[in-house]
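Structure first, commentary second.
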Amino acid sequence: MREGAWAGSRQFCYWEKPIVEVRDKSMGIVGFGDIGSAVGRVAHAFGMKVLAYAPRPKAAPGYAPFSFVSLEELFRQSDVLSLHCPLTPENTGMVNAALLGTMKRSAFLINTARGPLINEADLAEALREGRIAGAGLDVVSKEPMPDDNPLRTAPNCLITPHVAWAGVESRTRLMQGVFDNTQAFVQGRARNVKNGL
């Protein structure tokens, strides 16, 4: 717009790159807790088939099409794959050349969870070689992102500086949660219990 490309077009609309509609595409979600299942509801609202991988799956949501699948199947079938799991020693670097190699060439990878879930050198290579269509990342393995991170120069890679959580409302809820958890602990009530502790 600012460069006048639309104004100079002979058509009523203008675009330079292909536009992909998400309806009837498959949304793959790694981690189907509160955030992952909310992403699933949004994807469903856009007419997407929702697939999820969770090591300990809960009940399936009340919409269709939906299915829990293996991690490998999730990477194979997804048109958009979004990570929503905690970082553990078992899943550090899980998104590697092997899993990326099973994805569709037209697929997109999104990570708003934790940077070290992805082997960044493998993702950069997959993007450079066109083995996947693109990646959208709000987190990387080392933050702030150093100059030598291979994703800095990878094509079709959009990176934001770990800001998906940073709205005033989100930070207010976070602080309220800390207060509520501390107050519950002092009063001897269990709140947000993890692993029975």
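The values are calculated or read from the model by the stated rules, or taken from the named source; none is laboratory data. These figures come from a predicted structure and were not determined experimentally. Virtual Cβ from ideal backbone geometry, glycine too; neighbours counted across all protein chains shown.
The set of residues in the range 21-42 being in contact (Cβ under 8 Å) with a residue 24 or more places away in the chain and either aromatic (F, W, Y) or not in a strand (DSSP E or B) (or both) consists of V22, R23, D24, K25, G31, F32, G33, I35, G36, S37, V39, G40. Restricting attention to the range 114-139, the residues being of a type outside the set (S, T, N, Q) and farther than 27 Å from P18 by Cα number 4. Mind checking whether some residue in the range 153-176 is under 21 Å from G36 (Cα atoms), crowded, with 20+ Cβ neighbours inside 10 Å and among the hydrophobic types (A, V, I, L, M, F, W, C)? The answer is no; no qualifying residue exists. Candidates are the residues of the range 47-67 that are of a type in the set (A, V, I, L, M, F, W, C) and under 15 Å from L81 (Cβ atoms); the one that is surrounded by the fewest Cβ atoms within 10 Å (Cβ to Cβ) is A54. Residue pairs whose Cβ atoms lie under 8 Å apart, sitting 6 or more positions apart in sequence or on different chains, and linking a residue in the range 138-151 that is farther than 21 Å from W165 by Cα to a partner that is outside any loop (DSSP other than H, G, I, E, B) and among the acidic types (D, E), are N149/E120; P150/E120; P150/E125; L151/E120. Annotation: of all residues in the range 50-103 being among the β-branched types (V, I, T) and touching a residue at least 12 places away in the same chain (Cβ under 8 Å), the one that is nearest to D122 (Cα to Cα) is V95.
Among the residues of the range 165-180, are any assigned to a loop (DSSP other than H, G, I, E, B), modelled with pLDDT under 95 and within 17 Å of L109 (Cβ to Cβ)?
Within the range 165-180, the subset assigned to a loop (DSSP other than H, G, I, E, B) is 165-167.
In the following step, the residues that additionally are modelled with pLDDT under 95 were identified as 165-167.
With within 17 Å of L109 (Cβ to Cβ) added as a condition, the list becomes none.
No, the range 165-180 contains no residue that is assigned to a loop (DSSP other than H, G, I, E, B), modelled with pLDDT under 95 and within 17 Å of L109 (Cβ to Cβ).
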